[in-house]
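Report on the following structure.
The values are calculated or read from the model by the stated rules, or taken from the named source; none is laboratory data. What you are looking at is a predicted structure, and each value in this text was computed from that prediction instead of being measured. Cβ sites come from the backbone with ideal geometry, for glycine too, and all protein chains shown count toward neighbours. Please note that ligands, DNA and RNA were not included when accessible areas were found on the heavy atoms of the full protein model with its side chains. Shrake-Rupley method; radii C 1.70, N 1.55, O 1.52, S 1.80 Å.
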Amino acid sequence: METYSPTVEHYLVLGTALFFIGMFGFLTRKNMIAMLMSLELMLNGVNIIFVTFNKFKHPVALDGMFFAIFIITIAAAEAALAIAIIISIYKNFKSIESDEPHTLKF
Amino acid sequence: MKAILFYIFSVLILACGIFTVTSRKIYRAAIFLLLTVVSVAALYFLMEYTFLGVVQLVIYAGGIVVLILFAVLLTHDSGSLLPPLGVKRTVATFALTGTGLTVFLYTILGRKVEPGSGEFNEPSVKMIGGQLLDLYNFGFVLPFEAISILLLAAMVGCIVLAMKFSKTMN
Amino acid sequence: MDSWSYIIWIPLLPLITFVAIGLFESRLTEKISGLAGCVSMGISTFLSYCAAWQYFFISGKSEEVYRKIITLDFTWLKLSPSLSVEWGILLDPVSVMMLVVITTVSLMVFIYSTGYMHGERGFARYFSFLSLFSFSMISLVLATGIVQMYIFWELVGVSSFLLIGYYYDKPSAVSACKKAFIVTRFADLFFLIGILIISWYGSSLDIQTLIARLTDAGSPEFQAIKNETFLGFSVLSVALLMVFIGGAGKSAMFPLHIWLPDAMEGPTPVSALIHAATMVVAGVYLVARLFPVYAISAPDVLTVIAYIAALTSLFAAVIACTQFDIKRVLAYSTISQIGYMLMSLGVAGWGGDREFGFMASQFHLFTHAMFKALLFLCAGVVIHTIHSNYMQDMGGLWKKMPITNIAFLTGCLAIAGIPPFAGFFSKEDVLTAAFEHDKFIYTMALITAGLTAFYMFRLYFRIFHYGTTAHHHDAKEHFSIMLIPLGILSVLSLVTGFIPFSEFVTPSGKPFYYHMHFNLVAYAVIVSVAGIVIATLFFYRRSALPVALAGKMRVIYLAVYNKFYIDEIYLFVTKKIIFNCISRPAGWFDRHIIDGIFVNGTANATGRVSEEIKGLQSGNIRHYLWFFAASSVIIILLFLFIYQP
């Protein structure tokens, strides 16, 4: 019992599941902030998979972890920008429903 | 012990994730997101990636989620409910993501992941810093610089977006 | 003094002028561009005189034979170990003589043009094109390799095209330049095929090597080309005939002559330079350059050339008698005189006395360049003063334009072959060569000589005498820069006949000495004088005679006046036959099949599909997201199940 530890597949399934939960939210939510939160979930799922592969496939290297770090950094930048945009949209449309800005239409 | 912890955190992550995307109260969704992110950090600790776990905590939990909470405060009345999800859309999306998930699980479980050679040692901060700024030996100095520029650009972009332009400038 | 390094500057200076004027065209004043053109051309001319002096009198001769000197040679493209495209400068009697002709006439025309083109729009453009022409013509005659020659041959055609179309807002000039270009291009196609065949069999692209191989009956190349036959002729003959067709296109031989009269739409100095003195003799030059091959290996082709040339010469002279546009008369006269040159080449042969015809043709080329340029430039002065090309608007100008009158008369006497003008000597040589070879050709040439005298004096009298006409009281000759070249060329038309040409320009480089046959001289002079006398009777004063004569022979007159309907035949062939039977189905195919189905069909299909799917772009981000996610899933599915490594 002491020797049992979760296999690689468990970690991968966890990451994938988190990714698709995020994707589900991303596609169903109308509220932009909620969409942003779903996006963060997706990124976390991907990060888990990166780290898992790093740990189990290439234990000596650090590349997977670096990818995770870079993704976190980019996520931070993206979140900041996205929120700036959302607030600016809110100022203009008084709403942050993603259906509102129709003006993107051709 | 580790296995039990892993399963606890896994359940936490998935459950909080599902609540994040389904909760009709956006505050609650944000809090669940915070929980998810913290659980993921815990998972990293469990996998002995301490540095990454710390980064996850500091940036995600301390930065991004807080930012999102501020945005929610700025744009929502307290206690307001998000509109319910459309049934048709939910079903369609569920089918789509379900398909995607099935395909991925099929792929993951259908192939045996060969464990890599070598002994895993918890990476020290010195090692991480060394490889991150190394010009040779698969160093990551170029992505590092690129990310720096990206962050700078994002910062400038946020400032520009947040700036109040006078009417004549519009 | 055996240095030839300065030769390279003779073509290079006009090239530099072309580039400089061409680049800064809009910013240059008339004075600067004119001066630049004249000065660079003047230096070129001076250098080419130096070259001629050095070649003929100092270092060109060794053991009594003029050598061929290659002063510059570099390999441009190495196609295979034994075959390469060479660029270089070749000096031999013909090219040096051509150099002198081209630079002299160019310089005269440059100087003349500063006056003639004064105040025209695009003055600088004109000079840059003129420099381009001089550059390419000089390079053409100096070429060592057959590819180099072909390149400059085409470049000459292009500059001719540009200059004919100089007045590009005039529809007739535009169609004339297109006609000239298309006809000469058509002929150049044969030229290209010809040189390709020759260089294929001769396995060389160097003219001297080719000549050496194709005239030596023992060489394997000669055996190969002689033994292959095409339509019953040896391939060598066919190839040489094709090369001649190329030359005939440029030199306006029948039936490819139709572009030259129309080319008179260009400015008159251009006609003088390109369409009288230099470019149109490129065909003569071409045959002269390959003359050993023609004379030794394919004398039958030479005979064909002689007959075509003699026929053209007579035919053009007949037409010239009926035209009223003075430049067209000169154009037909040019065709006729080039016919003389080619005829003389055609009757020549290799070795001994038969080389005489070659010398005669080069001699005639030389003198003709001088007096024909003179005639054109005089016509230019007249046109400049009267503002009309037509004889009907002229007459009685001798009092008002005395200098032009004298210059024109000099030119007419020279072309008519009256001693001691230049044309007399060269024409005598041509006629003698023809007499010794073929009496039939000689007869045609003699008739042509009489006609030449007749139409030239008809032209002269109609312009300067023929009573007086009322509508140009104010026309007056002003002293201008245009008269300087007239004077110089008049003097040249007088004295160049005394050059002992046979000592300089011969096919083998061996000088020979020659005396005239006095009875032949007498015939020719009598015929010419007879022509002049008839012209005087008809046209010195206004008289009813020519009209009556034309009325009597109405059918013939009309045929001749309409240039034997050659243009109409061409039009019929191109419009009715080629357009209807080939171009129209091809056009239909292009419009309906290529354009209709492939090009427009694709565009229409795309347009229709995009019209249909435009609705998908709703502007709703969530729709986009949905499509994105769904397509990602589909693509991943495809990858997993179709692409399996």
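Per residue of A:53-61, count partner chain C-beta atoms within 10 Å of its C-beta, then hand back the mean as an integer.
Other-chain Cβ atoms within 10 Å of each residue's Cβ, averaged: 5.
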Exercise for the section: Could you please report the charge total around residue B:16, scoring K, R as +1 and D, E as -1 over all other residues with beta-carbon less than 15 angstrom from its beta-carbon? Expected result: +1
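Average partner chain C-beta neighbours within 10 Å, per residue of B:17-28?
Mean shielding by partner chains, rounded to a whole number: 5.
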Fill in the blank from the handout: Sparse-neighbourhood loop hits (chymotrypsin sites (Phe, Trp or Tyr not before Pro), segment C:166-242; DSSP loop; Cβ within 10 Å at most 13 others) -> C:168
Handout entry: Reduced Cα scattering model of segment B:1-82, Debye log10 I(q)/I(0), q = 0.19, 0.21 Å⁻¹
Key = -0.81, -0.93
Problem - Sulfur and carbon atoms: percent of accessible area, segment A:8-95 [1.4 Å] - result: 76
Fill in the blank from the handout: Taking a ≥ b ≥ c as the square roots of the eigenvalues of the Cα gyration tensor, with a/c under 1.5 meaning rounded and otherwise prolate when a/b exceeds b/c and oblate if not, segment A:8-95 is oblate
Practice task
Quickly work out the residue C:25-to-residue C:598 label distance, labels modelled 7 Å from Cα along the C-beta direction, and quote it in nm with one decimal.
Solution key: 3.5
Exercise for the section: Using a 10 Å cut-off on Cβ to Cβ distances, tally the other chain neighbours for every residue of C:633-639 and report the average as a whole number. Expected result: 3
Exercise for the section: Calculate the length of the line joining the C-alpha centroid of segment C:45-110 to that of segment B:113-129, in whole Å. Expected result: 80
Completion exercise
Here, chymotrypsin sites (Phe, Trp or Tyr not before Pro) of segment C:487-587 satisfying both criteria (DSSP loop; at most 11 other Cβ within 10 Å) are C:513
Handout entry: Relative contact order, percent, segment B:1-60 [alpha-carbon distance under 8 Å, six or more residues apart]
Key = 30
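Please label the shape of segment C:37-154 as rounded, prolate or oblate, based on the square roots a ≥ b ≥ c of the eigenvalues of the alpha-carbon gyration tensor (a/c under 1.5 means rounded; beyond that, a/b larger than b/c means prolate, else oblate).
oblate
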Problem - Solvent exposure ordering (accessible area, 1.4 Å, most first) of C:577, B:128 - result: C:577, B:128
Problem - Residue-normalised accessible area of chain C, given per residue in Å² at a 1.4 Å probe - result: 41
Handout entry: Pairs of alpha carbons in the protein assembly as shown whose separation is greater than 55 Å (percent)
Key = 46
Exercise for the section: Quote the total accessible area buried by chains A and B together, excluding ligands, DNA and RNA, probe 1.4 Å, nearest 100 Å². Expected result: 6600
Completion exercise
For chain A, averaging the sequence separation of alpha carbon pairs under 8 Å that lie six or more residues apart and dividing by its residue count, the contact order in percent is 26
Exercise for the section: Roll a 1.4 Å probe over the protein heavy atoms and report the accessible area of residue B:21 in Å², nearest 10. Expected result: 0
Practice task
Mind listing, in residue-number order, the residues in segment B:84-101 that have at least 40 Å² less accessible area with every protein chain present than in their own chain alone (1.4 Å probe)?
Solution key: B:85, B:89, B:93, B:96, B:97, B:101
Practice task
Compare the peptides C:590-597, C:313-320, C:411-418 by average per-residue count of other Cβ atoms within 10 angstrom and give them in order, highest first.
Solution key: C:411-418, C:313-320, C:590-597
Problem - Heavy-atom accessible surface that C and A bury in contact, both chains counted, 1.4 Å, Å² to 100 - result: 1200
Fill in the blank from the handout: Taking GluC sites (Glu not before Pro) as exposed when in a DSSP loop with at most 12 other Cβ atoms inside 10 Å, chain C has its longest clean stretch at C:65-645
Handout entry: Nearest-0.05 FRET efficiency for residue C:182 and residue C:64, computed from C-beta distance (R0 41 Å)
Key = 0.30
Exercise for the section: Note down the relative contact order for chain C as a percent, whole number, built from C-alpha pairs under 8 angstrom at least six residues apart. Expected result: 12
Practice task
May I ask for the net charge around residue C:208, where only other residues with Cβ less than 15 Å from the Cβ of residue C:208 are counted and Lys, Arg are +1 while Asp, Glu are -1?
Solution key: -2
Fill in the blank from the handout: Per DSSP, the loop-located trypsin sites (Lys or Arg not before Pro) within segment B:104-163 having at most 11 other beta carbons within 10 Å are B:111, B:112
